[in-house]
1. Where residues in region 111-124 are part of a helix (DSSP H, G or I) and small (G, A, S), which of them is most open to solvent (accessible area, probe 1.4 Å)?
2. How many residues does region 133-173 contain that are more than 18 Å from A115 (Cα to Cα), of a type in the set (S, T, Y) and open to solvent by 10 Å² or more (accessible area, probe 1.4 Å)?
3. (1) open to solvent by 10 Å² or more (accessible area, probe 1.4 Å); (2) within 22 Å of G116 (Cα to Cα); (3) among the hydrophobic types (A, V, I, L, M, F, W, C): which one isn't true of A227, the others all being true?
4. Which numbered condition in (1) surrounded by 18 or more Cβ atoms within 10 Å (Cβ to Cβ); (2) modelled with pLDDT under 95; (3) assigned to a helix (DSSP H, G or I); (4) not aliphatic (A, V, I, L, M) is the only one that R87 fails?
5. Kindly indicate which of V54, V73, V50, V64 is modelled with pLDDT of 95 or more, surrounded by 17 or more Cβ atoms within 10 Å (Cβ to Cβ), part of a loop (DSSP other than H, G, I, E, B) and in contact with a helix residue (DSSP H, G or I) (Cβ under 9 Å, 6 or more places away or on another chain).
6. Sort through R68, R34 and tell me the only one that's among the charged types (D, E, K, R) and free of Cβ contacts under 8 Å to residues at least 60 places away in the same chain.
7. Under the condition of being surrounded by 16 or more Cβ atoms within 10 Å (Cβ to Cβ) and not hydrophobic (A, V, I, L, M, F, W, C), which residue from region 95-110 is modelled with the lowest pLDDT?
Amino acid sequence: MKRRVFIAGASGAIGRRLCRLLVDDGWSVVGTTRSPAKTQMLQDLGVEPVVVDVFDEALLMETVCKARPEIVVHQLTDLPPALDPARMADALVRNARLREVGTRNLVAAATAAGAGRMVAQSISFVYAPGPTPFTEEAPLCVDDPDYGETARAVASLEEQVVSAPFVGIVLRYGKLYGPGTGFDAPPPGGPLHVDDAADAARRALTRGESGVYNIAEDDGTVSIRKAVDVLGWVPGFRITEPGS
């Protein structure tokens, strides 16, 4: 039988790319979206779609337990297209709640379903000021007046995943660019192509022990040595588009 994975946030920029990779690799993929309009897109990718909001604790629990996945992937975010500055203030508040409460609900559902591993999306650009490249042990900027709320929510997500009763892999992604992100060119300060992000998650499904891993291009902002050594991940992976 195919190995089974549950992807929360399957219709997002990283989720869609990851679904393609895992279906091609032979996984049986169950993927979530909050929008019924996106279920056909997931079906076209070879994914079994489910419509569920991570804040609906009871429905999420039922959905994950019914799926009976070996592994749960947390790719949930709530951000506007291209990080629209006019909408970011409200989005950051929603995203912080998603990282704290949404993660709590997903970890509980994964635990109840008997999953043996979770791979969760985090970010690598909330380190406190200090010498670079930042290693995974460097402190986050939890007391910063501008970014502290985001950093505290990130710390909550990471602690919940790493301390859960299964293998918890946290991927601290760099600043995304590429298809579906709204950004074509790599931004400064630890960029990450969306295909590299998906590839890191794919590798983390079967490699690595519980912990945090920086995932970004090696521009001197963050150290990616741990991801290279443990996950076998290196930047530069790209998905071949049909017809190319």
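1. My answer is A112.
2. The number of residues fulfilling the criteria is 4.
3. Evaluating A227 over (1) open to solvent by 10 Å² or more (accessible area, probe 1.4 Å); (2) within 22 Å of G116 (Cα to Cα); (3) among the hydrophobic types (A, V, I, L, M, F, W, C) leaves (1) as the failure.
4. (1) is the only condition that R87 fails.
5. None of the other options fit; the residue is V54.
6. Exactly one of R68, R34 is among the charged types (D, E, K, R) and free of Cβ contacts under 8 Å to residues at least 60 places away in the same chain, namely R34.
7. Top of the filtered list is N95.
Table: residues versus (1) within 25 Å of N95 (Cβ to Cβ); (2) touching a residue at least 40 places away in the same chain (Cβ under 8 Å).
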position	(1), (2)
A151	yes, no
L157	yes, yes
V161	yes, yes
P165	no, yes
G168	yes, yes
P179	yes, yes
D199	yes, yes
A216	yes, yes
F237	no, yes
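The values are calculated or read from the model by the stated rules, or taken from the named source; none is laboratory data. In this text the structure is predicted, and so the values were computed from the model without any measurement. Positions of Cβ are generated from backbone atoms using ideal geometry, with glycine treated the same way; all protein chains shown enter the neighbour counts. These accessible areas exclude ligands, DNA and RNA; they are computed on the full protein's heavy atoms, side chains included. Shrake-Rupley method; radii C 1.70, N 1.55, O 1.52, S 1.80 Å.
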